[in-house]
Amino acid sequence: MLATALAAACAPEPLPPGLLVGLGLPTAATAILSVEDDRGAPAPFDVRVGDATYRAIGQLDLPCGGQTGVRCEIALTLDPGSYRFAADVRERDRCGTVATTVTLSSGVEPVTVTREEQAAVTLRLDRTDLDDDDDGIVNALERAVCGRFDAADGALPPQACLDPDDACCSRAPSSLQGQRGAFAGGDDHVRADGTTTTVAPFALDATEATWATFARCVAAGRCLFGDSEHPARQRLADATLVVDAPVTGLLPREAEALCRFQGGRLPDDDEWDFAAAHRVDGGRGRYPFDVVGADGGDGAAVVGCREGGGLVAANHAARGQDCPDGPERVGSYGSTLVDRGQGRPLADLAGNVAEWTVERDPDAPPAPPDESSGRSSRSGVAVELSEPFPDGVLAVLSRGGAAGGIVELLENDVRVRVVPTSPDVDARLRGLAATTGVRCAYDIVDLAAAAALVVEPFCGEP
Amino acid sequence: MYATVTMVPPVPRPASSLVFAVVVLVAALVGAGTARAARPPVPPVPTETAAGPATKPVEPAGAGCVPAAAERVRVIVLDLDAAAFAGDGHALSAVVAAEAARSPGLAVLTTRDLKAAVAHESDRQLMGCDDDTGCLAELADAVDADLLVHGSLSMTTTDAGDRAPVVSLTLLNARALVVVNRVTFAWRGAAAALPDVIASATQHLLVPASARPPGRLHLVGLPIGARVLVDAGDRTDAVQGGVLAPVAAGPHEVQVTLAGKRPSVHHVVVKGDAALAVPAVLEDAPVPDALVWGGAATAAVLGVGATLGIVWATTRRGATVTADVPVWGVGDVEALRGTK
């Protein structure tokens with residue numbers, strides 16, 4: 001009965017004279033209309049719903065929420081006087097929590113309603129920066145980035161997904177997503193050039209950062225803020241985007257901002273190399289995987305296209321083969337897992353997409369623990385030569401090879417290194433960024449705690 | 001602070017609940033007075049009262065509404081039926097419960113308490129209860145209550161032709177299944193004062209008149225020679241120094257008149273042992289056009305004018321309020337954070 005009454009209220013039928021409220025609301029949104037007199041007191045008014053007339057005082061739940069493509073129109077009648085109108089637009093997030101996402105207002109000056117003529121009032125956006133969980137992502141964007149109204153990002157995942165069409169809920173996440181592998185360090189590590197180094201304890205994300213992670217960083221104003229024309233931000237509006245595929249297209253400085261949003265940083269190249277190449281006997285592996293046979297052989301993984309069944313490989317262009325597909329969801333290649341540290345195994349150190357690493361200036365002052373803005377100072381697409389590099393970084397590297405790339409880039413000893421003085425540095429970095437993703441590193445003291453960290457919320461199975 | 005208003009049409013009572021209510025009604029009648037000998041005596045059973053004229057409370061036939069017992073009497077306050085008013089019945093009943101709790105000797109329960117007490121069974125029953133006494137008694141029986149308060153907030157058309165909210169409360173003897181008292185207030189004053197009206201109605205429902213102290217009115221700016229009428233009764237002689245006392249607690253219509261002035265009419269809710277300020281400054285009455293223009297032709301014009309005036313006065317116009325809320329995406333972060 002109620003549903004029928006509400007549907008009748010929203011139907012485009014002739015309305016009586018009086019206050020006519022018409023709100024175009026997003027799907028699944030509702031609104032609470034407030035009417036105050038010029039003294040700020042709730043004003044009484046009559047409202048017609050279907051064939052019945054009700055009297056409301058000050059506030060009214062507009063009974064038009066959740067109707068796709070239907071403009072919410074409802075007729076109200078009130079006495080002559082001066083009034084202020086406002087509306088709270090409320091939405092339900094994927095966990096079922098309802099919150100006010102934006103507020104509308106008729107402005108500071110009251111609207112004079114007379115008997116002689118119908119006044120025209122336009123409610124304009126008043127507050128759009130509401131952030132109930134104070135996580136930096138405004139309520140209006142929480143749904144768009146799979147956040148939650150009622151808990152900070154990084155909290156426990158929701159028990160169930162309410163909307164099966166929600167991109168975050170459409171499939172089960174990788175079991176590794178949001179996990180980290182930790183490495184004790186302290187061992188002498190032999191670099192590719194034969195020199196040795198000692199790596200301090202660190203942790204790496206078990207997977208590359210996803211587009212979903214990047215979207216939350218953007219929504220929080222910590223990634224590419226003020227740079228809405230950036231190709232990576234444009235990709236977020238692509239309906240075909242696989243949100244749990246690795247994010248690409250970020251220059252090293254932008255990738256560093258994404259890691260800092262998660263409380264980490266880009267990995268030092270020695271750290272990444274330690275995770276990929278270090279072996280217990282002190283030697284180096286050819287690939288991050290323990291055993292690899294390019295032609296199948298006796299290896300646990302095949303370096304080649306995923307198609308063809310059998311052993312899962314890195315979707316890489318093996319010799320004589322062509323792998324047309326781009327990167328897949330993070331953690332898709334189970335046979336590439338690296339499990340030599342503590343905590344979760346690492347996926348896709350080689351393959352899927354390449355990953356940025358850096359060589360930092362040991363004399364540079366450490367970055368502040370919370371570089372809050374991450375805001376790009378660039379305007380348009382022009383990039384100055386020094387800007388793609390994070391502060392205190394001498395060189396950036398692309399490691400691990402990418403889907404569709406040449407097979408040699410999978411090897412631990414092969415890397416692409418770019419310094420500020422490299423020829424055509426801007427073009428080179430942009431070219432690399434197209435196939436290079438972001439895996440973040442973390443300084444750790446307590447290995448056990450680091451292994452248990454969860455940095456990315458995701459939907460659980462319904 | 002806003003009062004949240006929701007529109008919920010009355011829920012039809014399931015037929016099965018009616019049958020169940022009848023069965024329980026019969027069982028309650030048969031068992032009344034025998035099952036709970038240890039409980040305090042329930043109130044006397046007066047003849048049912050009739051609703052009085054608008055704005056005037058109806059006093060119970062008995063001298064008192066609540067028994068004077070050593071042990072506290074359990075009273076259930078059900079949610080008011082405010083569907084026709086687009087009101088929140090539970091919020092309104094909270095006003096009733098709060099006022100009832102001020103009465104000594106009463107232990108007040110609300111529907112929330114009731115639900116907690118009888119869980120799923122009460123939920124089913126609540127769905128079928130409106131003002132059906134058998135069903136209400138069934139609820140009271142479930143929590144071993146003696147009295148039950150239910151009522152409604154609705155709209156009515158007054159003698160003057162305008163619409164006004166009406167508060168109706170009924171006190172039910174849950175043991176004997178009879179109405180102990182009934183109060184009906186029509187209110188033509190400010191809507192913001194409705195909670196006060198409901199509280200006053202509750203007091204009239206539960207507290208004997210002898211136990212309700214009167215209040216007084218402070219008539220601010222009362223002109224010399226003005227007449228003061230309370231609920232159409234002339235109380236001019238009772239005004240001393242601008243103060244009118246005593247005035248029975250409850251809602252009243254206060255009218256101040258003086259020749260050559262526009263009459264002043266205020267609707268107030270008087271509280272016991274308290275003074276209420278009422279503006280009594282009168283404005284000059286307009287000079288009628290009839291004094292300037294005479295003759296039958298002018299009278300005809302006035303007739304037309306009066307007609308137009310009535311139309312003008314009875315036509316309420318308003319405003320057209322529009323807004324569009326876009327669907328936001330992460331690309332809108334700058335706009336949403338107020339920097340673009």
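The values are calculated or read from the model by the stated rules, or taken from the named source; none is laboratory data. Nothing here was measured: the structure is a model prediction, and the numbers come from that model. Heads up, the Cβs are rebuilt from the backbone with ideal geometry, glycines too, and the neighbour counts pull from every protein chain shown.
A compact table of results
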item	result
Qualifying strands (runs of 3 or more DSSP E) (wholly inside segment B:204-262; at least 2 residues being under 30 Å from B:R102 (Cα atoms))	B:215-220, B:243-247, B:250-257
Cβ-Cβ under 6 Å pairs, at least 6 apart or on other chains, segment B:316-340 side under 30 Å from A:R235 (Cβ atoms) and facing chain A (nearest Cβ under 7 Å), far side part of a strand (DSSP E or B) and at pLDDT 80 or above	B:V325/A:V89
Given (1) modelled with pLDDT under 75; (2) part of a loop (DSSP other than H, G, I, E, B); (3) more than 14 Å from chain A (Cβ to nearest Cβ), number of the condition B:V304 does not satisfy	(2)
Residue within segment A:245-268 that is over 15 Å from A:T210 (Cα atoms), outside any helix (DSSP H, G or I), free of Cβ contacts under 8 Å to residues at least 40 places away in the same chain and assigned by TED's automatic domain parsing to the domain that holds A:A350 present	no
Condition met for A:A192 (at pLDDT below 90 and away from every other protein chain (no Cβ under 11 Å))	no
Residue within segment B:133-147 that is over 30 Å from A:A41 (Cα atoms), in the same structural domain as B:L78 (by TED's automatic domain parsing), among the β-branched types (V, I, T) and at pLDDT 80 or above present	no
Residues that are in contact with a Phe, Trp or Tyr (Cβ under 6 Å, 6 or more places away or on another chain) and more than 12 Å from chain B (Cβ to nearest Cβ), drawn from segment A:85-134	A:D93, A:T97, A:A99, A:D132
Within segment B:309-334, considering residues that are assigned to a helix (DSSP H, G or I) and among the small types (G, A, S), the one modelled with the highest pLDDT	B:G331
Positions within segment A:391-422 being surrounded by fewer than 21 Cβ atoms within 10 Å (Cβ to Cβ) and of a type in the set (K, R), in sequence order	A:R415, A:R417
Unique residue being surrounded by fewer than 18 Cβ atoms within 10 Å (Cβ to Cβ) and among the β-branched types (V, I, T) when the list is B:T236, B:T202, B:T184	B:T236
